[in-house]
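This report refers to the structure that appears directly beneath it.
None of the figures in this text is laboratory data; all of them are computed from the coordinates on show. Predicted, not measured: the structure shown is a model, and the values here were computed from it. With ideal geometry, Cβ positions are generated from the backbone for all residues, glycine too; neighbour counts draw on all protein chains shown.
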């Protein structure tokens, strides 16, 4: 048995870039920042604030929602899985790690509104069965 599950809560670093592939399959890419606060340990050692950047990939319906509602600075909750892929640039094989979103919850207030609704978006099960292009290049 194995588990590949990621849960992130952070702020979007840039507006999603959405592309439409064959048969109008939408894919959105954006970054998400998660920040650990600075702390002072019991012995007086100060640990500075640390921000980690994550590449988020959303497919089909999630990509459409991202295109409409997610903007730079939006706070979101993401559930998904880690996926590593490789590509070649300048003759050098490189690897990148993405978070493939399965659920996205929009947090915070709507723009120009005092209400603070949270909307949950879940990827349909059928979406999860279709691997993204190029996913057959496993790094091991």
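What ranking of 25, 3, 78 emerges when the number of other C-beta atoms within 10 Å of each C-beta is taken as an exposure proxy, fewest first? The partial results should precede the final answer.
Numbers: 25 15, 3 5, 78 23.
Going from sparsest to densest Cβ surroundings: 3, 25, 78.
Stretched out fully, how many nm does the piece from residue 38 to residue 69 gain, at 0.36 nm a residue minus the Cα gap?
Extending this stretch completely gives an extra 8.1 nm.
Only counting other Cβ atoms within 10 Å, I'd like 98, 90 sorted with the fewest neighbours first.
90, 98
Taking the range 26-113, how much of its Cα-Cα pair set, in percent, is spaced more than 20 angstrom apart?
Details: 1907 of 3828 pairs.
Tail of P(r) above 20 Å: 50 percent of Cα pairs.
Counting other beta carbons within 10 Å of each residue's own, what order do 62, 21, 106 fall into, fewest first?
Numbers: 62 27, 21 11, 106 18.
So the ranking, lowest neighbour count to highest, is 21, 106, 62.
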